[in-house]
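Below is one structure; the comments refer to it alone.
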Ligand code: C2O
Ligand code: CU
């Protein structure tokens, strides 16, 4: 559908400087200081894989607030956990847990979540600020975790979420300049809004998908650890943080006993920079490994239209996929979830290849077939016919430890795109170098329509909010911007790039609440949740 792309500057008319020149100009202003010296890389102690039990996420309990809302509370605090056998590792957590507790919600039942900052100070003696972004959800601007809407230590903020869309979302820290460190230290967790009948082409198939104990969320994160168990945050001159110990739900390469039936896994790449490429292998008696396919059923923000069978599933930072694995034929065997070396990562350490082991037991009572049709997607042609304005182009430039968008660094006082409420727009992302950039656009749910260098994978054709752009690649997406008005961020989700300084903002309409309209308040917090103060304009229908 898309013609070939040129890799040069495609906007700004003839006065635009070449992007390298723009970079130099920005560097010259001192807006983006160059990084410090590059630390050398040390390897973590070897942790034998598949020896430690899998840890399911704990569901966070709620209390009713009136008849329409569920109230939750999470305290951000330091804790010590065991990652390296016999050692204690300091992590920064929600409620002491790594990863954070799981919020599991019913669609169209709102949440109010109180986040209390008890993180104190970092090693340099600086206050650890926070802000919370619920990634993939169209929140009002003041509840979207704007990078400058800080929760200082000894403060709290109540965030309101509508839960009007079902999918596997996640919450994480989003503080200006320190998102990479804060997420790496542990500030991330999953937030699932369950699909209801309306999400399916045929509601009768909903219950055929694996549920309850057969529906398992997984957060995959790579860390680097000293022999004493301390986490090492090394951003390699602001290029990326790559660990050589892979945690699944906080446990290095765990083992899970499963029954001989279908399971559904909701997987999030919750790392800082590392791209994952998941695959499954059956281990035979002679030690040989045989590939088996994953059946992908959902992408970032919703169900696919049909299950997609694939031998491997690429997951960039912040992307989510739901897939089904059928263990029916493998009673008595081990199935390995693996992550073969991917050359787009700066560090292809072989120890990141073994993610998890499923030990298949017998005893399944039933194994409903996978439905042939799943969700309802708007045809791309319909979306294309709604686009009124020109394609917007965003160039992701990286040179000498500085990452910019269209030659510009983050500036909270500048808006780079003004979008009509509920407009359907077509956006183009260009990587102008040898870097993979996972691009996340807040507020909306979008569709991938073109890649210049690699084919679109069939599982990428669903609803998405994060799109990886390969080195030297151009990617196009399309979608409706709403239902809220206001300022929203867009950035690279390699969190080191985001922090320095590959982030910008767009503004939908003119009437939205300012992103800092509901500032954090000092502790002690009152018993009741704070009521929203800013009244948003009437929503458009996105
Ligand atoms: Cu997952 Cu703007 O972030
Ligand atoms: Cu990037």
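Annotations
- Over the stretch 63-201, the alpha carbon radius of gyration divided by the compact-protein estimate 2.2 N^0.38 Å works out to 1.09.
- Length gained when the stretch residue 411-residue 257 is fully extended (0.36 nm per residue, less Cα-Cα span): 50.5 nm
- Residues residue 528 and residue 458, FRET efficiency given R0 of 56 Å [Cβ-Cβ distance, rounded to 0.05]: 0.70
- The percentage of C-alpha pairs in the stretch 465-542 whose separation is greater than 14 Å is 75%.
- Computed over the stretch 140-212, the P(r) curve from all C-alpha pair distances, binned at 10 Å from the origin, holds 15, 38, 24, 17, 6 percent per bin.
- Kirkwood hydrodynamic radius computed over the stretch 380-509 comes to 14.8 Å, based on all pairs of distinct alpha carbons.
- For the stretch 121-244, the Cα-based Rg and Dmax, in that order, read 18.2, 57 Å.
- One compactness figure for the stretch 103-171 is 1.23, namely its Cα radius of gyration divided by 2.2 N^0.38 Å.
- Each of 274, 262, 52 has some number of other Cβ atoms within 10 Å of its Cβ, and from fewest to most they run 52, 262, 274.
- For the stretch 303-347 versus the stretch 157-179, the gap between their alpha-carbon centres in whole angstrom: 25
- Taken along its three principal axes, the alpha carbon spread of the stretch 292-445 comes to 60, 41, 23 Å, from the longest extent down to the shortest.
- Based on C-alpha pairs under 8 angstrom that are at least 6 apart in sequence, the stretch 63-201 has a relative contact order of 27 percent.
- Length gained on full extension, residue 364 to residue 376: 1.2 nm, using 0.36 nm per residue less the C-alpha separation.
- Within the chain, percent of DSSP bridges classed antiparallel, to nearest 5: 75
- Pairs of Cα atoms nearer than 8 Å and 6+ residues apart set the relative contact order; for the chain it is 16 percent.
- The protection proxy used here, the mean number of other Cβ atoms lying within 10 Å of each residue, ranks peptides 200-211, 482-493, 93-104, 108-119 as follows, highest first: 482-493, 93-104, 108-119, 200-211.
- Footprinting exposure proxy ranking of 474, 75, 454, 89, fewest other C-beta atoms within 10 angstrom first, gives 454, 75, 89, 474.
- Packing rank of 432-438, 254-260, where each peptide gets the mean count of other beta carbons within 10 Å, highest leading: 432-438, 254-260
- Inter-probe distance in nm under a simple model that places probes 7 Å from Cα toward Cβ, at residue 164 and residue 51: 5.2
- Alpha-carbon Rg with Dmax, taken over the stretch 212-360, Å: 15.6, 48
- Stretchable slack from residue 43 to residue 541, in nm (0.36 nm times residue separation minus alpha-carbon distance): 174.2 nm
- Solvent-free Debye calculation, one equal scatterer per alpha-carbon of the stretch 204-248: log10 I(q)/I(0) at 0.15, 0.34 Å⁻¹ equals -0.57, -1.14.
- Protection-proxy order for peptides 506-517, 359-370, 457-468, each taking the mean of Cβ atoms within 10 Å per residue, highest first: 457-468, 506-517, 359-370
- Across the chain, Cα-Cα pairs more than 30 Å apart make up 48 percent of the total.
Here, each number is a calculation from the coordinates, and none is a lab measurement. This one's a predicted model, so the numbers in the text were calculated from it and none came from an experiment. Every residue, glycine among them, receives a Cβ derived from its backbone with ideal geometry; neighbour counts consider all protein chains shown.
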